[in-house]
Amino acid sequence: MTVEFIRGLENLPPRADREAVVTVGTFDGMHRGHQEILARVRAECESSGQQPVLVTFHPHPRVVVSPQDAPLLLTTIEEKEKFIPHFFQGRVVILNFDRALQNMSPDEFVRGVLIDRLGLKKLVVGYDHTLGKNRRGNTEELTRLGRRYGFEVEVVGPVMNGNKPVSSSRIRAAIAGGDYREAIALLGHDYAIYGTVIKGIGLGRKLGFPTANIRYNRSKLLPAHGVYACWVQMDGVEKNGMMFVGRNHFRHDDAVSVEVNIFEFDREIYDEEIIVYPTHFVRENKKYDSTDELAEQLKADRENVMDIIERKKKNVDLKGA
């Protein structure tokens, strides 16, 4: 089975029988809790022969509901389209979250969207899931609607880590607080930053460390500023490297850069898509008095990153990294 992405209900083909196992959510991060829900959808479809459907939203609902405290994203819409196929096979429906959708009651959303348009037979949701106006559609209300309209509801319990549930908000807090190891453990996969390669000021190349500068989605939550060991994907190629995120103090603005020095690679890749996976924090961002001082630091950074790569190959525990 492959993945079929559909943007907007207006692009859905006519519904046939009610044979869909549906899950609904923002799926920001595609973390271990999300993975458990998708595993339950997959298991149900394999045993019943029904069709898997994942419903998600763009923009993030809080951008519309409470824009003053909308979160930066673990997974942008571009990243969702690239990474959902790693965890889910079936139909993916991306709904435009606007005021009309916000104001739909749970009953209206279930009947008008999940049943009438998607053919809902079984709904699989997380233990803390809510939908509909004012988030009234909690698991108890969805179970009541299931009895009324003839569909089953499966509520997937929390995935625990450190005696607390894994959640997108917990991962955001870990990343924002600089606890990168904790964030990766909660995600259950490497964190990804997707973008296209743009021209920078060219300082890295002059210092012997050419970097690919990434145009990233400004809604993306970036790791704490500093240097990271990383690996990258571009046009089917995978390479190790070291990534810098933060303000480049040799620029004349306050822009936050994401740059990656790709090891064993020397090709122009301007305007090409790239995905950077920072894996281990190396050091904080610092201001240097001269480019010579920066060059010496970059040499030390590269040695540290190479050491991390070698220890990973040998399955040595990278405590503190």
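The values are calculated or read from the model by the stated rules, or taken from the named source; none is laboratory data. A quick note: this is a predicted structure, and the numbers were derived from the prediction, not measured. Heads up, the Cβs are rebuilt from the backbone with ideal geometry, glycines too, and the neighbour counts pull from every protein chain shown.
Observations on the structure shown:
- Lone unmet requirement of (1) among the basic types (Lys, Arg); (2) surrounded by fewer than 17 Cβ atoms within 10 Å (Cβ to Cβ); (3) farther than 18 Å from THR130 by Cα for LYS80: (2)
- Filter pass, ILE201 being aliphatic (A, V, I, L, M), on the phi < 0 side of the Ramachandran plot and either without any contact (Cβ under 8 Å) to a residue 60 or more places away in the chain or surrounded by fewer than 16 Cβ atoms within 10 Å (Cβ to Cβ) (or both): yes
- Among the residues of the range 127-165, those that are touching a Lys or Arg at 6+ places or on another chain (Cβ under 9 Å), in contact (Cβ under 8 Å) with a residue 40 or more places away in the chain and not in a loop (DSSP other than H, G, I, E, B) comprise GLU154, VAL156, ASN161.
- Checking each residue of the range 41-57 against the condition of being surrounded by 14 or more Cβ atoms within 10 Å (Cβ to Cβ), more than 19 Å from LYS122 (Cα to Cα) and not basic (Lys, Arg) gives at least one match.
- Number of positions in the range 280-300 that are in contact (Cβ under 8 Å) with a residue 40 or more places away in the chain and either over 27 Å from the mean Cα position of the chain (by Cα) or farther than 20 Å from VAL232 by Cα (or both): 6
- Taking the range 44-118 and the helices (runs of 4 or more DSSP H) fully enclosed by it, the elements with 1 or more residues that are assigned by TED's automatic domain parsing to the domain that holds MET30 and closer than 25 Å to GLY150 by Cβ are at 99-102, 106-109.
- Residue within the range 282-290 that is of a type in the set (Phe, Trp, Tyr) and in contact with a Phe, Trp or Tyr (Cβ under 7 Å, 6 or more places away or on another chain) present: no
- Counting residues in the range 61-74 that are among the aliphatic types (A, V, I, L, M) and either closer than 15 Å to GLN35 by Cβ or surrounded by 21 or more Cβ atoms within 10 Å (Cβ to Cβ) (or both) gives one or more.
- Of all residues in the range 225-267, those satisfying the criterion of being over 30 Å from ASP289 (Cβ atoms) and either among the small types (Gly, Ala, Ser) or surrounded by fewer than 16 Cβ atoms within 10 Å (Cβ to Cβ) (or both) are ASP235, GLY236, VAL237, GLU238, LYS239, GLU264, ARG267.
- Single condition TYR270 does not satisfy, out of (1) of a type outside the set (A, V, I, L, M); (2) surrounded by 12 or more Cβ atoms within 10 Å (Cβ to Cβ); (3) in contact with a strand residue (DSSP E or B) (Cβ under 6 Å, 6 or more places away or on another chain); (4) farther than 13 Å from GLY226 by Cα: (2)
- Test for GLU36: is it in contact (Cβ under 8 Å) with a residue 60 or more places away in the chain and more than 24 Å from VAL156 (Cβ to Cβ): no
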